[in-house]
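Novice: What follows is a structure written as structure tokens; I'll ask about it next.
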Amino acid sequence: MNSPFARPAQRTSAQKPSAQKTPVVVLGATGGVGRGVVEAALAAGRPVIAVARDKSGLQCLKSHHPKADLSVVAGSISSDADGERLAKALTKLGRPIGGVIAAVSGSASRGRLLDHPAAYLRQRLDEDLLPHLAAARHLLPLLAQANRGGTYVLIGGPGAEQPWAGYGHRSIATAALRMLARVLHEEARSIGVRVQLLSIDSPVSTELNREHACPQWPSAIAVGQRALALVEPLGTQLAAQAVVRYADVLPGDEADVDSGVADSITSQASEESEVDAQADAHAQAHSPTQTPKDPDNCHTSDDALLPSRCLQDARTLLRNLLSPNNTNNNKANQEPSP
């Protein structure tokens, strides 16, 4: 099978229509993160083409948004043949594509590398990594044919830079996905398409794990807002980066947030993060052990439950002690009376 990149669409330099209201394709639309991406896109008034293998899940998604510009396509990207069939199905819709967001998550299986045969790692890569390549090979040319300078956004999870204890297979697959994004970023330049990976350093709070999610995990809708911001980077420096950290992306103008409120929230979050950092450093310095977080549960086991609670209590206490208001009150109390 010849590579789709061998037949780039012809384009003219004078024609550069806006991709503002062109549909964005969401892969894995019925998953926890995918549903958040769909919600964020529809809330921003963006047409969505939702793709997933779960036909009933797609119909349920469509029934929740009866008045939205939402199209559903049942399809898989498990293999190169699946990617080709999906590209044909999207072409039949007759709608130019302005962006693709791949919200396809990997397996949540847990275990040490040394406890599994080498074939298990091969299986994980076949299921968690290669589908991304199969999809990109056939959907990137569709973005090029639309002649709108669209962006293909991959959503990456934690464990790519530092090994994730107990999730070694996921760490390897996530690191490989990051390199895949870098390679595709370079290769897709020849057809006028941008490929970027939105790197998230923690698990994501979704409808599926919300009961056990940690409060500091980003929500699926927040992830969707930042993925959309990469689809339309508006000439920012982020457009030139193959890998973009979640913390470096701000929701674009499409986000329904008042600018004044946003500035206030940003300022408050900055102050709180500084206090949290001091509290964490102090608490961790007196904590005998560190336990990794489970991606589907804030606590990994019953043995880790008590230390985690103690750490949280210590953090809350130190945050109160280090807060600006409390500091000012302490200084006032320490001043000698006249």
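Novice: Suppose the chain between K88 and K67 were pulled fully straight at 0.36 nm per residue; how much longer would it get relative to their current alpha carbon spacing?
Specialist: 4.9 nm
Novice: How do the peptides 217-228, 128-139 rank, highest first, by the average count of neighbouring beta carbon atoms within 10 Å per residue?
Specialist: The peptides rank, most packed first, as 217-228, 128-139.
Novice: If you don't mind, another one. Measure off 7 Å from each Cα along the Cα-to-Cβ vector at A74 and L121, then give the distance between these two points in nanometres to one decimal.
Specialist: A separation of 3.8 nm, rounded to one decimal place.
Every number in this text was worked out from the coordinates using simple rules, so none of it is lab data. If you're wondering where the values come from, they're calculated on a predicted model, not measured in any experiment. So basically every Cβ, Gly included, is an ideal-geometry build from the backbone, and we count neighbours across all protein chains shown.
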